[in-house]
Amino acid sequence: MSAALLRHPRLISLEGGEGAGKTTAINAIHACLRAHGHEVVLTREPGGTPLAERIRALVLKPDEAIAAEPLSAEAELLLVFAARAQHVRQVIQPALRRGAFVLTDRFTDSSYAYQGGGRGLDAAWIADLERRVVGLLPGLTLLLDVDVETGRARANGRDLWPDRIESEQDDFFQRVRAVFRERAQQDPQRFALVDASQVQQRVAADVVACVEQFLQNGEGA
Ligand code: TMP
């Protein structure tokens, strides 16, 4: 794969911190795209293929045999990119090639936010991996933005067993949010920022409005 980034109009990603309401929003976008008559592949990261889902479990819910061994930030980054390498080649590229929309719950922006912002790894290294391993940018990225306290209060109400990353402290999630917002500011053409402090149905309606606008502008055509 070439070391350049191609922005693909039919690749749509949804991003955000914990408790931002991604699930309700992604289901609403899925329904919207299908109502327009499009084939939609709904997927997620880390994950989306059997191998990538195994890697997801290693990163988020390690079993007893390995849970005691601290996972280094560097290994975490390479694992999420290993999962992404499979996901891009096995699922995303074939779907885009046959003209389908790919709607993914998280993509490379999450690596900049969590491993770059949260863990403090060098963004230039992530950018290099992105060019070499992924080569693709979404045509539209919907960022569900909510302050850390509100998001965590929601997530805590839902998750009885928080995973490795959900167990991080608030300052980690403040850095994650800051990187997401910075990236949205730097690329307003690709990003739509949605206020995710609203009730979930309102968030979903705003997200669908962004997708409708995107389609109306002839993007994704
Ligand atoms: P979620 O799908 O429930 O949001 O869980 C995925 C978790 O994985 C979330 O805490 C963010 C994290 N993650 C990373 O740390 N780096 C990545 O590149 C991706 C895609 C996700």
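Descriptive notes on the structure:
- Tabulated pairs, the stretch 157-173, first in a loop (DSSP other than H, G, I, E, B), second open to solvent by 70 Å² or more (accessible area, probe 1.4 Å), C-beta under 8 angstrom, 6+ apart or interchain: PRO162/ASN156; ASP163/LYS61; ARG164/LYS61
- Residue, nearest to the chain's Cα centre (by Cα), within the stretch 86-128, restricted to residues that are within 9 Å of the ligand (Cβ to nearest atom) and among the basic types (Lys, Arg): ARG106
- Taken across the stretch 129-141, residues that are within 18 Å of the chain's Cα centre (by Cα) and surrounded by fewer than 16 Cβ atoms within 10 Å (Cβ to Cβ) do occur, with at least one present.
- Given (1) hydrophobic (A, V, I, L, M, F, W, C); (2) away from the ligand (no atom under 15 Å from the Cβ); (3) modelled with pLDDT under 95; (4) surrounded by 16 or more Cβ atoms within 10 Å (Cβ to Cβ), number of the condition ILE29 does not satisfy: (3)
- GLY151 vs. criteria assigned to a helix (DSSP H, G or I), modelled with pLDDT of 95 or more, within 13 Å of the ligand (Cβ to nearest atom) and surrounded by 19 or more Cβ atoms within 10 Å (Cβ to Cβ): no
- Within the stretch 39-77, considering residues that are within 11 Å of the ligand (Cβ to nearest atom), outside any helix (DSSP H, G or I) and charged (D, E, K, R), the one least open to solvent (accessible area, probe 1.4 Å): GLU45
- Cβ pairs under 6 Å, 6+ apart, first in the stretch 43-63 and closer than 18 Å to SER13 by Cα, second open to solvent by 50 Å² or more (accessible area, probe 1.4 Å) and not hydroxyl-bearing (Ser, Thr, Tyr): PRO46/ARG56; GLY47/GLU53; GLY47/ARG56; THR49/GLN86; THR49/GLN90; ALA52/GLN86
- Pairs linking a residue in the stretch 198-212 that is more than 11 Å from ALA25 (Cα to Cα) and of a type outside the set (Val, Ile, Thr) to a residue that is open to solvent by less than 30 Å² (accessible area, probe 1.4 Å) and in a helix (DSSP H, G or I), with Cβ atoms under 7 Å and 6 or more positions apart or on different chains, are GLU212/CYS32.
- Residues (open to solvent by less than 20 Å² (accessible area, probe 1.4 Å) and without any contact (Cβ under 8 Å) to a residue 60 or more places away in the chain) located in the stretch 174-184: ALA184
- Verdict on ARG190 being open to solvent by 50 Å² or more (accessible area, probe 1.4 Å) and touching a Ser or Thr at 6+ places or on another chain (Cβ under 9 Å): no
The values are calculated or read from the model by the stated rules, or taken from the named source; none is laboratory data. Not measured: the values here are computed from a predicted model. All Cβ positions, even for glycine, are placed from backbone atoms using ideal geometry, and neighbour counts span all protein chains on display. Please note that ligands, DNA and RNA were not included when accessible areas were found on the heavy atoms of the full protein model with its side chains. Shrake-Rupley method; radii C 1.70, N 1.55, O 1.52, S 1.80 Å.
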